[in-house]
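The values are calculated or read from the model by the stated rules, or taken from the named source; none is laboratory data. Quantities reported herein were computed from a predicted structural model and do not represent experimental measurements. Note: ideal-geometry Cβ built from the backbone for every residue, glycine included; neighbour counts use all protein chains shown. In case anyone asks, the SASA skips ligands and DNA or RNA and just uses the protein heavy atoms, side chains included. Shrake-Rupley method; radii C 1.70, N 1.55, O 1.52, S 1.80 Å.
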Amino acid sequence: MTTASPFGLQDRVAVITGGSSGIGLATARLMLNAGARVAICGRDGARLEAAAATLVRDAGNDRLLAQRCDVLDGDAVASLADAVARRLGAADILVNNAGQGRVSTFADTTDAAWREELDLKFFSIVRPTRAFLPQLQRSDAGAIVCVNSLLARQPEPHMVATSAARAGVLNLVRSLATELAPQHVRVNAVLIGLVESGQWRRRFETQAAPGESWEAWTAALAARKGIPLGRLGRPEEAANAITFLASPLASYTTGTFIDVSGGHSRHV
Ligand code: NDP
């Protein structure tokens, strides 16, 4: 159901890569509820269909486009951009969210794994941004939000390649913001700490002790990590920050980020 939106997103068109799960799905739901028309994409057709079915229940069919697309595939991204323009209208907002982290130390990261990780983290932004930029430039409220990680500023040795790539993304967001400001396209990021999502569910399934509940496993994880707020974040909490940065409410904010880490960041 559409409610009067404080975000100013009524009839805006938002594209959320990786909108079939976790943070992307929560962002799609929030933006639809705020009156936007929303496109989501992902690689797994069944997961995408299931996500679309839950979103359509709330928002109806005419404001949602769900299309299979690997953001690393230039042709697929171009076809998504084309479908969005035809079916929903030119995009005002691009949320570069698709991706996942890689757990590996320097000792066990091969050259191929480094390349794969750098490719994912950079081209999951480069390709969609390039494809949607002509549409964003036509908007009077063009905005890009990149879903980045606290690892960008606070690297973890057990996620060495992801941390290094995320630091590069922080830098890229700043450059894009400067280059696109004269075209009135804002570019910002969120730095996510630990947020409950598909990736953590998958780790729970492989790492939890027999009989250990999701609640007990995540509480122990938060305690082990020393997260001051004492829990993992919820996808909706990341979605709130993403939606704010994507919306006209953040019209004088570009080239920066919002920390969504429950106080886990040690930086002032
Ligand atoms: P989920 O696994 O729940 O969701 C990831 C989404 O991205 C899925 O929709 C997935 O669909 C899609 N996706 C992954 N790779 C591609 C691709 N190449 N092309 C298109 N879609 C893709 O994870 P989260 O919600 O946690 O992750 C969202 C973002 O937040 C990611 O970039 C992640 O790295 C980042 N992040 C998350 C943290 C957390 O604690 N949750 C911490 C720091 C950063 P499919 O697999 O079907 O393609």
Tell me, what is the FRET efficiency for Asp73 and Gln183 to the nearest 0.05, using R0 = 25 angstrom and their Cβ-Cβ distance as r? 0.45
In sequence order, calculated HN-Hα J values of region 67-79 (Karplus, 6.51, -1.76, 1.60; Hz; x Gly/Pro): 9, 5, 6, 8, 5, 8, 9, x, 5, 5, 5, 4, 5
Largest fluctuation, Ala161, Ala189, Ala98 only, Gaussian network model of the chain with Cα springs under 10 angstrom, belongs to Ala161
Over the chain, how many percent of alpha carbon pairs lie in each 10 Å bin up to the one with the longest distance? 7, 30, 37, 20, 5, 0
Which value, in Å², gives the accessible area per residue of region 17-58 when a 1.4 Å probe is used on the protein heavy atoms? 35 Å²
Percent RCO, i.e. relative contact order, over the chain, from Cα pairs under 8 Å lying at least 6 residues apart: 20 percent
How much area per residue is accessible in region 188-268 when the probe is 1.4 Å and only protein heavy atoms are counted (Å²)? 53 Å²
Sorted peptide list for 53-59, 142-148, criterion being average Cβ within 10 angstrom, highest first: 142-148, 53-59
Which of the chymotrypsin sites (Phe, Trp or Tyr not before Pro) across region 75-171 are loop residues per DSSP, with 14 or fewer other Cβ within 10 Å? Phe106
Between helix 45-59 and the chain: long-axis angle, C-alpha atoms, 0 to 90°, nearest 10: 60 degrees
Counting only protein heavy atoms and a 1.4 Å probe, tell me what percentage of region 122-175's accessible area is made up of carbon and sulfur. 56 percent
What's the ranking of 219-226, 255-262, 23-30, 208-215 by average number of surrounding C-beta atoms within 10 Å, highest first? 23-30, 255-262, 219-226, 208-215
To the nearest 10 degrees, the tilt of helix 198-207 (Cα long axis) against the first principal axis of the alpha carbons of the chain is 20 degrees
Stretched fully, the stretch from Arg203 through Ala223 gains (0.36 nm per residue minus C-alpha distance, one decimal, in nm) 5.5 nm
